[in-house]
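Worksheet: the structure to be examined is printed underneath.
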Amino acid sequence: MEHHVVCVLDFMSLVKSLQRDLTCMGPVWLPPANSEVARFINEIVLDEETDQEFPGEGPGSHFQWYVEAMDEMGANTGPIRELCADLASGTPPVEALERSALPPASREFGAVTFRSLEQPLHVRAAIFLHGREDIIPGMFLPLVRELRAGGLSCELLVGYLERHIEADGEHHGPLARRLLDELCGGDPSRVSAAEQAALEAVEARRALWDATCEALLA
Ligand SMILES: [Fe+2]
């Protein structure tokens, strides 16, 4: 969890960057170009940022949920809380990550995400689909099984994982795929850029999990 928490945090910057481009976020509202896509991204933000299923009091963000789950497990939340404080004080994300006390692989994963925010919309949509929504159910299902079988006291973590298996698998994944298809519009150069970004996103994830596995074994 100390390694993975960076994904829970940086995901929100990715999803918010999509929301900024797919809906109207300026001071004057104008109708979005595609209402279906706008609704989809708004729905994701609604749950990720302010989920009614949050197990604490009132709605809560999935990040808040995850950090509380870390507390429940006795994981060290100091580095991620310090990173948030550093970001809140205005430090640029990559710089804040570089000097944070998160594990090196987590700092690298976060830096890849934050750098990608400068990429075109279809590239970010590819990272969103292939690096996040599409792979979450397959990553989290075996974890839930193992955690349940292990008899650990980690209800918050299991609840967090199950919430994502349900939301991403049934709903978000297919919509994110349609979003990417629509943004690429069959344009070969866009499709190729999207594929490249998808590969890099999955590679970044693999490197993070490998480092996590190494830390567990050590
Ligand atoms: Fe989430």
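The values are calculated or read from the model by the stated rules, or taken from the named source; none is laboratory data. From a predicted model like this one, the values you see are computed outputs, not experimental measurements. Glycine gets a Cβ as well: all are built from the backbone with ideal geometry, and neighbour counts include every protein chain shown.
Key figures
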read-out: Qualifying residue in region 121-141 (condition: of a type outside the set (A, V, I, L, M), over 15 Å from the mean Cα position of the chain (by Cα) and outside any helix (DSSP H, G or I)); value: no
read-out: Restricting region 56-71 to residues that are of a type outside the set (A, V, I, L, M, F, W, C) and either touching a Pro at 6+ places or on another chain (Cβ under 8 Å) or at pLDDT 95 or above (or both), the residue that is farthest from residue 154 (Cα to Cα); value: 59
read-out: Pairs, first without any contact (Cβ under 8 Å) to a residue 40 or more places away in the chain in region 141-167, second among the charged types (D, E, K, R) and away from the ligand (no atom under 16 Å from the Cβ), C-beta under 7 Å, six or more apart; value: 158/148
read-out: Residue in region 178-194 that is within 16 Å of the ligand (Cβ to nearest atom), in contact with a Phe, Trp or Tyr (Cβ under 9 Å, 6 or more places away or on another chain) and not polar (S, T, N, Q) present; value: no
read-out: Selection from region 10-49 of residues that are at pLDDT 95 or above, within 11 Å of the ligand (Cβ to nearest atom) and not aliphatic (A, V, I, L, M); value: 11, 49
read-out: Considering residues of region 179-208 that are surrounded by 14 or more Cβ atoms within 10 Å (Cβ to Cβ) and basic (Lys, Arg) only, the residue farthest from residue 37 (Cα to Cα); value: 205
read-out: The listed residue being of a type in the set (D, E, K, R) and in a helix (DSSP H, G or I), out of 53, 49, 57, 2; value: 49
